[in-house]
Amino acid sequence: MIQRVDFDVISPHRKLAERSGLCFAKNTIYFANFKENILVGFIGALVHSKKITIKNIYVMDNHRGKGYFKEMLDFILSNYPECHIFEATCTEMSITEFLRRGFKVSRRYNQYTKVVLSR
């Protein structure tokens with residue numbers, strides 16, 4: 001089950017996520033993915049009028065490879081129908097899933113790749 005949560009819910013996992021290359025930003029809305037009341041991952045979104053900046057998709061190490069990343073990305077894409085542009089800055093670990101969803105590379109940096117989906 002994916003539900004909106006306060007930052008306090010994911011805060012204990014922040015250091016681990018930062019080691020994976022994630023950067024946290026103010027004004028981010030967070031959603032947590034729970035399976036049998038256990039936090040398996042989280043995703044953040046910065047919501048603008050017609051654009052969503054996807055932030056901090058993270059799946060806990062022991063829950064990877066089970067489709068939770070895809071589930072959270074699909075959740076954001078389907079729960080903001082009024083938005084026409086979605087963007088994210090990806091690590092090498094996540095870029096493949098974004099490209100499978102139709103995102104296009106807009107810029108490459110040393111460690112990150114910015115992707116955009118227009119619909």
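Observations on the structure shown:
- Note on segment 99-119: among residues that are more than 17 Å from CYS83 (Cα to Cα) and hydrophobic (A, V, I, L, M, F, W, C), the one that is surrounded by the fewest Cβ atoms within 10 Å (Cβ to Cβ) is VAL105.
- Among the numbered conditions (1) touching a Cys at 6+ places or on another chain (Cβ under 9 Å); (2) modelled with pLDDT under 95, the only one that SER78 does not meet is (1).
- Within the span defined as segment 53-63, one or more residues are acidic (Asp, Glu) and not in a loop (DSSP other than H, G, I, E, B).
- Residue within segment 66-74 that is over 16 Å from ILE43 (Cβ atoms) and exposed (fewer than 14 other Cβ atoms within 10 Å of the Cβ) present: no
- If the condition is being of a type in the set (Lys, Arg) and within 20 Å of CYS23 (Cβ to Cβ), then segment 65-102 contributes no residue at all.
- Residue under evaluation LEU99, criteria (1) closer than 20 Å to VAL116 by Cβ; (2) outside any helix (DSSP H, G or I); (3) in contact (Cβ under 8 Å) with a residue 12 or more places away in the chain; (4) more than 11 Å from the chain's Cα centre (by Cα), criterion not met: (2)
The values are calculated or read from the model by the stated rules, or taken from the named source; none is laboratory data. Bear in mind the structure is a predicted one, so any value in this text is a computation, not a measurement. Cβ: placed from backbone, ideal geometry, glycine included. Neighbour counts: every protein chain shown.
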